[in-house]
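Take a look at the structure set out below.
The values are calculated or read from the model by the stated rules, or taken from the named source; none is laboratory data. It should be emphasised that the depicted structure is a prediction, and the values quoted were computed from it without experimental measurement. As a convention, Cβ positions derive from the backbone with ideal geometry for all residues, glycine included, and neighbour counts pool all protein chains shown.
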Amino acid sequence: MTAATSQSRVKGARCCTTFRVSLDFSRGSGVVARFTRALLFVAGERGRGHLHTLDLTGGRYVPRLAEDLIEFAATHGQRLCSVGVPEWLQFSADEVTRLCCSAPLCTLRCYVSCAAAEALRLLRCEAPCALLHIFKLWVHAFNDEQAVLDFAAALPSHRGKIKAFNVSWVSLENGAMADALMRCIAEARVSDVTFFQCKLAPASLPSLTRLLEACCPEKLSISQVSRADRRATR
């Protein structure tokens with residue numbers, strides 16, 4: 001735990017001191033104690049009323065960490081301005097919303113896994129998630145073609161923020177639908193793209209080619225198992 005430089009101002013004969021406390025449990029912080037829920041809340045109590053930053057980046061796996069952070073924000077979130085979490089920590093749309101409600105001034109950088117319909121307001125940074133920064137996004141449950149088009153339209157709203165994007169279980173056999181999604185992935189400047197069971201077809205290939213020609217993805221992965229392949233493994 002570190003305290004940022006205090007700022008003192010003298011008004012008449014009275015001295016007012018404002019502290020900004022940063023809780024740094026990142027890999028390079030020098031903290032040798034094993035990170036636990038208890039350690040997080042004890043440190044929070046010591047900085048109560050002055051917490052400014054919480055950094056957990058690079059941390060090891062901790063069970064129920066998302067729920068613990070939501071509870072922590074409910075207690076200490078009113079002045080919290082920045083939260084950084086490990087890349088392995090996966091938030092649902094509901095968990096993101098609850099944390100942002102408790103810390104309305106906080107920039108939250110996180111990995112989100114959610115249904116396509118849930119992702120729309122998060123990508124657009126609608127209230128209470130105005131300061132949300134999604135660095136990794138896993139989207140699934142596209143109910144119909146319109147859901148794909150709506151998601152594609154919202155994706156560029158997070159332009160330059162999403163480093164890794166995984167889209168799962170959506171039918172991209174329709175060339176126009178595939179083209180809309182690929183075009184918006186390129187516009188969002190995503191560098192790591194994965195398609196998992198997306199029913200890519202020959203009609204999808206021109207849009208995939210255009211995505212590659214945009215020089216956008218540094219990594220493109222496609223995982224697609226056909227029904228014949230499934231039967232062969234039984």
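For segment 208-224, the count of residues that are outside any helix (DSSP H, G or I), polar (S, T, N, Q) and over 24 Å from the mean Cα position of the chain (by Cα) is nonzero.
Results for (1) part of a loop (DSSP other than H, G, I, E, B); (2) under 13 Å from the mean Cα position of the chain (by Cα); (3) surrounded by 17 or more Cβ atoms within 10 Å (Cβ to Cβ); (4) acidic (Asp, Glu), shown as yes or no for each residue.
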{"site": "ALA74", "(1), (2), (3), (4)": "no, no, no, no"}
{"site": "PRO104", "(1), (2), (3), (4)": "yes, no, no, no"}
{"site": "VAL112", "(1), (2), (3), (4)": "no, yes, yes, no"}
{"site": "ALA117", "(1), (2), (3), (4)": "no, no, no, no"}
{"site": "LEU122", "(1), (2), (3), (4)": "no, yes, yes, no"}
{"site": "GLU126", "(1), (2), (3), (4)": "yes, no, no, yes"}
{"site": "PHE142", "(1), (2), (3), (4)": "yes, no, yes, no"}
{"site": "LEU149", "(1), (2), (3), (4)": "no, no, no, no"}
{"site": "ASP179", "(1), (2), (3), (4)": "no, no, yes, yes"}
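In segment 71-91, the residues that are assigned by TED's automatic domain parsing to the domain that holds ALA164 never reach a residue that is surrounded by fewer than 17 Cβ atoms within 10 Å (Cβ to Cβ) and of a type in the set (Phe, Trp, Tyr) with C-beta atoms less than 6 angstrom apart, at least six apart or across chains.
When residues in segment 121-169 are screened for being in contact with a His (Cβ under 9 Å, 6 or more places away or on another chain) and not β-branched (Val, Ile, Thr), 12 of them pass. Evaluated against (1) touching a helix residue (DSSP H, G or I) at 6+ places or on another chain (Cβ under 6 Å); (2) under 19 Å from GLU118 (Cβ atoms), ASN143 falls short on exactly one condition, (1). Residues in segment 88-121 that are in contact with a Leu (Cβ under 8 Å, 6 or more places away or on another chain) and aromatic (Phe, Trp, Tyr): 2 in all.
Scanning segment 218-234 for residues that are modelled with pLDDT of 85 or more and not hydrophobic (A, V, I, L, M, F, W, C) yields GLU218, LYS219, SER221, SER223, GLN224. When residues in segment 123-134 are screened for being under 21 Å from SER191 (Cβ atoms) and in contact with a strand residue (DSSP E or B) (Cβ under 6 Å, 6 or more places away or on another chain), 4 of them pass.
Set side by side, the residues HIS50, HIS76 differ, and just one is within 19 Å of PRO128 (Cα to Cα) and modelled with pLDDT under 95, which is HIS76. Test PHE165 against the criterion of being touching a Cys at 6+ places or on another chain (Cβ under 9 Å), surrounded by 16 or more Cβ atoms within 10 Å (Cβ to Cβ) and of a type outside the set (D, E, K, R), and give yes or no. Here the answer is no, as PHE165 does not meet what is asked.
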